[in-house]
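Student: Sharing a structure below in structure tokens format, with a few things to ask.
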Amino acid sequence: MWLETLRLAVQALVRNRSRSLLTMLGIIIGVAAVVVTVAIGTGARNAVQEQILSLGSNMIVVIPGNITQNGVNTGTGAASSLTVDDGLAIRKLDGVAAVSPAVGMRAQVIANGRNWSTQIGGSAPTILYIRKTQMASGTYFDDAQVAAVAKVCVLGQTVVDNLFPNENPLGKTVIIRNVPFTVIGVLAKRGQSPTGQDQDDVVAMPYTSVMQRLTGQTYVSVLLVSAKDEASIGPVQNEITTLLEERHRIVPPEQDDFSVRNLADIATAASSTASIMQALLAAVAAVSLLVGGIGIMNIMLVSVTERTREIGLRLSVGARGSAILQQFLSESVVLSTTGGLIGAICGILGAQLVASIGHWPATIPAAAVLVAIVFSAMVGIFFGWYPASRAARLDPIAALRAE
């Protein structure tokens, strides 16, 4: 009976507590390592995906192309080929939810007796929807202020911390290139971008204000487009390419003076890379399980040798070889499964410890824990089969003569 066999297996293992615990140690370490690596890998992958998705809602980015001067190709983004009118034309396409021209520059911001070098970002109010941006306080500029080339701005949290520590910046004035701007809002904290840039180190204002009051440029640096849904990203991307080729009078074999990209490819590539790294870490950790399995096989072989007379006695009174096989296989499975359960608990605690100490994202998938425990049980069956079958094949007379 399986229950009786299990009871006998537990009794046999309890009689040699120290040896059983040391044998399980390899399985415990292996399962714990698998759980920790999978948890950290999954957490890192989820964090990267969240950061990429936080860059925009179904966002498509239109950037200028390259130009060639005196035989020198300046690379993508160097051409002054995108205009505000291009953005207005794109907004009329089916499947487009919002468009925002964007211009940028780096400048010294002076206020409150302090100064800070930061990124000046000019955009339309639709950037709030496109970039999923939230306000911490105050308001964002509106279309009327864009049309009026208003001298207003919204500060990122890093700029606030450096220019207005421990005070409310709303209504205060900041000076940028000798032009005064009134602070009307503060952006909610966003943290670092996937490339490590501080997304809170920025001053946002109407793109018209940047273009006409600060830089004097007549073109935009980039057009940010949000598709209505994820399924529309591909078709909208193709429609934008066709539209801009018509507007810029580009015909084959001429090269486009712009480039249209989306974040889906970036998210897929990042997720694929994280998954590969996670699989490699889990594979390395799984080697510990195999080492633990070899340890189980060695101990079970020692146990068969020590209990040869016991095996011979059972066989002589009528026990079948299958019963002996079942007995020793049960002991092996109990060792590996118990080690797997303890290892899973240690792995969960270890992942939480790493997450709290190292401020590293760690997500523990229940499926990974279950697979680790099941795999540890399979290791017990695989490595316990040979010692168990060897015990089952013993000759009863020879076994009884054994010292």
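Student: Collect the residues in the stretch 185-219 that are crowded, with 23+ Cβ neighbours inside 10 Å and on the phi > 0 side of the Ramachandran plot, keeping them in residue-number order. Talk me through it step by step, then tell me what you get.
Tutor: Looking only at the stretch 185-219, we keep the residues that are crowded, with 23+ Cβ neighbours inside 10 Å, and these are 187, 203-207, 209-210.
Answer for the stretch 185-219, where residues must be crowded, with 23+ Cβ neighbours inside 10 Å and on the phi > 0 side of the Ramachandran plot: there is none.
Student: For the stretch 378-395, does any single residue satisfy the condition of being under 27 Å from Ile324 (Cα atoms), in the same structural domain as Ile311 (by TED's automatic domain parsing), buried (at least 17 other Cβ atoms within 10 Å of the Cβ) and among the polar types (S, T, N, Q)?
Tutor: no
Student: Also: Just for helices (runs of 4 or more DSSP H) wholly inside the stretch 120-184: which have at least 3 residues that are under 30 Å from the mean Cα position of the chain (by Cα) and surrounded by fewer than 21 Cβ atoms within 10 Å (Cβ to Cβ)?
Tutor: Those helices (runs of 4 or more DSSP H) span 157-163.
Student: Would you say Val203 is modelled with pLDDT of 90 or more and more than 30 Å from Val179 (Cα to Cα)? Lay out the reasoning, then the answer.
Tutor: On the way: modelled with pLDDT of 90 or more: yes; more than 30 Å from Val179 (Cα to Cα): no.
No, not satisfied.
Student: Turning to a different aspect of this structure: Here is a list: Val369, Val334, Val374, Val354. Which entry is in a helix (DSSP H, G or I), closer than 19 Å to Ser20 by Cα and touching a helix residue (DSSP H, G or I) at 6+ places or on another chain (Cβ under 9 Å)?
Tutor: Testing whether each residue is in a helix (DSSP H, G or I), closer than 19 Å to Ser20 by Cα and touching a helix residue (DSSP H, G or I) at 6+ places or on another chain (Cβ under 9 Å) leaves just Val334.
Student: Identify, please: which residue in the stretch 248-274 is surrounded by fewer than 14 Cβ atoms within 10 Å (Cβ to Cβ) and aliphatic (A, V, I, L, M) and is, among those, modelled with the lowest pLDDT? Working first, answer last.
Tutor: Applying the first criterion (surrounded by fewer than 14 Cβ atoms within 10 Å (Cβ to Cβ)) to the stretch 248-274 yields 249, 251-255, 265, 268-269, 272-273.
Imposing the further condition that a residue be aliphatic (A, V, I, L, M) reduces the set to 251, 269.
Details: Val251: 83, Ala269: 63.
Here the residue is Ala269.
Student: Would you call Met297 assigned by TED's automatic domain parsing to the domain that holds Gly343, surrounded by 17 or more Cβ atoms within 10 Å (Cβ to Cβ), assigned to a helix (DSSP H, G or I) and at pLDDT 80 or above? Can you show your working first?
Tutor: Working: assigned by TED's automatic domain parsing to the domain that holds Gly343: yes; surrounded by 17 or more Cβ atoms within 10 Å (Cβ to Cβ): yes; assigned to a helix (DSSP H, G or I): yes; at pLDDT 80 or above: yes.
Yes; evaluated as a whole, the condition is true for this residue.
Student: Now for a separate question. Within the stretch 313-355, how many residues turn out to be crowded, with 20+ Cβ neighbours inside 10 Å, among the small types (Gly, Ala, Ser) and farther than 16 Å from Ala286 by Cα?
Tutor: Residues flagged as crowded, with 20+ Cβ neighbours inside 10 Å, among the small types (Gly, Ala, Ser) and farther than 16 Å from Ala286 by Cα within the stretch 313-355 amount to 3.
Student: A further question follows. Restricting attention to the stretch 220-247, and to residues there that are outside any helix (DSSP H, G or I) and surrounded by fewer than 16 Cβ atoms within 10 Å (Cβ to Cβ), which single residue is farthest from the chain's Cα centre (by Cα)? Outline the logic, then answer.
Tutor: Restricting attention to the stretch 220-247, the residues satisfying the condition of being outside any helix (DSSP H, G or I) are 220-229.
This time we only want the ones that are surrounded by fewer than 16 Cβ atoms within 10 Å (Cβ to Cβ), so: 228-229.
Details: Lys228: 25, Asp229: 22 Å.
Once the filter is applied, the top-ranked residue is Lys228.
The values are calculated or read from the model by the stated rules, or taken from the named source; none is laboratory data. Bear in mind the structure is a predicted one, so any value in this text is a computation, not a measurement. FYI the Cβ positions are ideal-geometry reconstructions off the backbone, even for glycines, and counts take in every protein chain you see.
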